[in-house]
1. Within the range 139-159, restricting attention to residues that are more than 18 Å from SER109 (Cβ to Cβ) and not hydrophobic (A, V, I, L, M, F, W, C), which residue is surrounded by the fewest Cβ atoms within 10 Å (Cβ to Cβ)?
2. Take the conditions touching a residue at least 12 places away in the same chain (Cβ under 8 Å), within 20 Å of ARG35 (Cβ to Cβ) and open to solvent by less than 50 Å² (accessible area, probe 1.4 Å) and apply them to THR96. Does it pass?
3. Only one of THR52, THR91, THR130 is more than 22 Å from SER164 (Cβ to Cβ) and of a type in the set (Val, Ile, Thr); which?
4. Please work out which residue is farthest from ILE115 (Cα to Cα), limiting yourself to the range 75-84 and to residues that are open to solvent by less than 50 Å² (accessible area, probe 1.4 Å) and of a type outside the set (Val, Ile, Thr).
5. Does THR88 satisfy the condition of being free of Cβ contacts under 8 Å to residues at least 60 places away in the same chain and open to solvent by 70 Å² or more (accessible area, probe 1.4 Å)?
6. Is there a residue being farther than 23 Å from ASP167 by Cα and in contact with a helix residue (DSSP H, G or I) (Cβ under 9 Å, 6 or more places away or on another chain) anywhere in the range 67-77?
7. Just to be sure before I move on: is THR52 surrounded by 13 or more Cβ atoms within 10 Å (Cβ to Cβ), of a type in the set (Ser, Thr, Tyr) and out of contact with any helix residue (DSSP H, G or I) (no Cβ under 9 Å at 6 or more places or on another chain) in the structure I sent?
8. Among the residues of the range 2-21, how many are modelled with pLDDT of 80 or more and open to solvent by less than 100 Å² (accessible area, probe 1.4 Å)?
Amino acid sequence: KHHDDVRLIYNGFDSEKFCFSPIPTEKFTITYTGRLLENSLRNPTLFFESITELCSDKKFKGNLLIQWYVDKASIEQIKGMTEQYGLTGQTKISSTVSSCLMPEILNKSSIVLVISNKSTDNGPHGIMTTKFFEALGCEKPTLCIPSDEECLESTIVATSAGLSARDKH
């Protein structure tokens, strides 16, 4: 539509490193790895609203760990939102780790979190993050929130890889 010379570059993962190897944990663990960048690309607000609602059940709240492995620029944003939504007791925020540690981190996770945003004609679209493919390789369910309502959502649905949430219900 915008240019005649468009090519698809497949995103992927190292299938020898990112493979199914479950590691038991004491808590239900939701893990996000990466950068948030600007809200037009990745907006964590719907995730925080949703998880706060779920945490109103004290049984769930006590058995939940939300892990963030993010860059320095994202740490302050996550800290602020964690405090704003009252989730400091359920949250562990760490700096980005080397890629060789990622398979173990994902295999210790109950769900891998992919933060996206709705695709728009004038904004971002067609983004298929490597983190999604790494979660597939480790056979971990993916929670994409909010949904991009485009290619990432359709791939999650087609592969039965998890849930792409358009709202908190």
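The values are calculated or read from the model by the stated rules, or taken from the named source; none is laboratory data. None of the values given here were measured: they were computed from a predicted structure. Here the Cβ is made from the backbone with ideal geometry for all residues, glycine too, and neighbour counts use every protein chain on show. Protein only, heavy atoms only, side chains kept; ligands, DNA and RNA dropped before computing areas. Shrake-Rupley method; radii C 1.70, N 1.55, O 1.52, S 1.80 Å.
1. SER154
2. no
3. THR91
4. It comes out as GLY80.
5. yes
6. yes
7. yes
8. So the answer is 3.
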